[in-house]
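Take a look at the structure below.
The values are calculated or read from the model by the stated rules, or taken from the named source; none is laboratory data. All of these numbers come straight from a predicted model, not from anything done at the bench. Here Cβ is always computed from backbone atoms with ideal geometry, including for glycine, and neighbour counts include all displayed protein chains.
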Amino acid sequence: MASHVYASAFQCCVPDPAKPNARLSEQEEAFSCKINRALASGPIQVTKDATVAEWTHDREVKVIHEGTNGWTCFPGNENHVVNVPMACDAQGLQWIKDAYAGKEKPTNTAPGIIYMMCGANQHSSVSVSDVTSPAIALDHTA
């Protein structure tokens, strides 16, 4: 487990872990880091063939790499609370979309799965839009 967490953290920070000294343009490096953060959000069995997407400012899904297994991975943005790296199956993605839309109740018809293996930060367990409450404290000793 510890080596997987270390590998995930390393993968989130290095554009191409296989070539840590490769020279990339700033744009290529930013794109590569986005892909790596997204792929580090869940188990390799889930992420290796997943779609990689990001949220637009209007909270729409923008695909940046098409996948084949029905899972969608998001790189998140460490500068925005609640925008965390995650891997969602179709039902989990529907749940997130409904929460972002402010729906009182999710419309998915079955439970969804959402991995957040890079960690998460949020201000509320009630609303994804709450950015004014103090952040929820996480117990990292458990």
* Asked: Given the stretch 34-81, what strands (runs of 3 or more DSSP E) lie entirely inside it while holding 1 or more residues that are β-branched (Val, Ile, Thr) and over 20 Å from Trp95 (Cα atoms)?
  -> 61-65
* **Filter pass, Ile64 being more than 11 Å from the chain's Cα centre (by Cα), at pLDDT 85 or above, among the hydrophobic types (A, V, I, L, M, F, W, C) and surrounded by fewer than 17 Cβ atoms within 10 Å (Cβ to Cβ)** => yes
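Say we look at the stretch 36-93 and pick out the residues that are touching a Leu at 6+ places or on another chain (Cβ under 8 Å) and not β-branched (Val, Ile, Thr); which of these is farthest from Gly112 (Cα to Cα)? It would help to see each step written out before you state the result.
Here is the first cut: in the stretch 36-93, the residues touching a Leu at 6+ places or on another chain (Cβ under 8 Å) are 47-48, 50, 52, 61, 72-73.
Okay, now just the ones that are also not β-branched (Val, Ile, Thr), so 48, 50, 73.
Values: Lys48: 19, Ala50: 16, Cys73: 14 Å.
If we take residues in the stretch 36-93 being touching a Leu at 6+ places or on another chain (Cβ under 8 Å) and not β-branched (Val, Ile, Thr), then Lys48 is farthest from Gly112 (Cα to Cα).
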* Structure fact -> (1) closer than 25 Å to Phe31 by Cβ; (2) modelled with pLDDT of 95 or more; (3) not in a loop (DSSP other than H, G, I, E, B) all hold for Ile96 apart from (2)
* Taking the condition modelled with pLDDT of 95 or more, surrounded by fewer than 13 Cβ atoms within 10 Å (Cβ to Cβ) and β-branched (Val, Ile, Thr), does Val52 pass? -> no
